[in-house]
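Here is the structure we will look at.
The values are calculated or read from the model by the stated rules, or taken from the named source; none is laboratory data. Because the structure is a prediction, the values reported are computed rather than measured. Backbone-built Cβ (ideal geometry, glycine too); neighbour counts: all protein chains shown. For the accessible areas, the whole protein counts, side chains as well, though only heavy atoms, and no ligand, DNA or RNA atoms are used. Shrake-Rupley method; radii C 1.70, N 1.55, O 1.52, S 1.80 Å.
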Amino acid sequence: MNTIGVLIIILFVLMLLVGHMQGLKVFIGLLLNFAAIFVLIVLINWQFNVYIITGIMSLIIFAVAIYLGAENSEVTNNAFKTSVIVVAILMIIAVIMQYFGQFQGFTTENSEELEGLSLTVGIHFGDVAIAVMLLSVLGAVAEAAMAIVADLNEVLERTPEMTSSSLYGHAKIIGGQILGTAINTLFFGVLGSNLPLIIWFVRLKYPIAMFINAKLLATEVVTMLLGMLGILLSIWVASWLVVRDNVRQQKVGIRHERDI
């Protein structure tokens, strides 16, 4: 058994010990999302439209990650709606960034690995770059949406008569805490994964201009910024959805009292 197999077994055991049945559901969700990514790769290879396939697979990944991660229907529904809205916005932004940045394809740093191989594979690498950027931020978007919706619903359970302005105030406080930790997670994740590349650039005495404009590093930075923007949008959209539902429920309660 290789190292990856051992790590998967350890992960499975720990998730069972910590989360019990919920941990088992989350692990099954990981396997299903892995299968969805594999299907996405196959369909792109079969020349299906990258935008449509990426959108459909994003919905599947969100549904699996969110609905298997919690049992409260109000939390999961609002988190799913938030994730779909945010990813739709991010897809538009990713297309614009790809148009101006041209992050597709390979770089000169990849030339040694690609030597002797043909790049005429019949796939538009710009579309693939957009799909990669979107897939890289799905987890951050879903996590932020679940966190803010769950926290606000807990606040409403304790004080159901809370006004919209007070709820927005709580959303601002909770969102600020989530934003800080989530952005740090994204930043240090990108920094850690690209640390060998950065050291390599420094040892080769790359000038500052070449260092900043290196396609490998620029792609990672743009993906990180897209993820940060997704987290911020998730907090805003989720807060609005929760407040809207709370106002609607309060109106229904007032009408019910009048009827009685």
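Just wondering, is there one or more residues in segment 27-47 that are of a type in the set (Val, Ile, Thr), under 29 Å from residue 242 (Cβ atoms) and at pLDDT 90 or above? Can you show your working first?
Filtering segment 27-47 for residues of a type in the set (Val, Ile, Thr) gives 28, 37, 39, 41-42, 44.
Now drop any that are not under 29 Å from residue 242 (Cβ atoms), which leaves 28.
When the remaining residues are screened for being at pLDDT 90 or above, the result is none.
So far as segment 27-47 goes, no, none of its residues is of a type in the set (Val, Ile, Thr), under 29 Å from residue 242 (Cβ atoms) and at pLDDT 90 or above.
Which of (1) over 16 Å from residue 91 (Cβ atoms); (2) surrounded by fewer than 19 Cβ atoms within 10 Å (Cβ to Cβ) does residue 132 not meet, given it meets every other one? Result: residue 132 fails condition (1) only.
Contact annotation: no residue pair with Cβ atoms under 7 Å, 6 or more positions apart or on different chains, pairs a residue in segment 18-45 that is more than 23 Å from residue 123 (Cα to Cα) and open to solvent by less than 90 Å² (accessible area, probe 1.4 Å) with a partner that is of a type in the set (D, E, K, R) and outside any helix (DSSP H, G or I).
Yes/no per residue for (1) of a type in the set (D, E, K, R); (2) farther than 20 Å from residue 148 by Cβ:
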| site | (1), (2) |
| --- | --- |
| 24 | no, yes |
| 43 | no, yes |
| 58 | no, no |
| 71 | yes, no |
| 74 | yes, no |
| 82 | no, no |
| 87 | no, no |
| 90 | no, no |
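For the criterion of being over 27 Å from residue 26 (Cβ atoms) and at pLDDT 85 or above, residue 50 passes.
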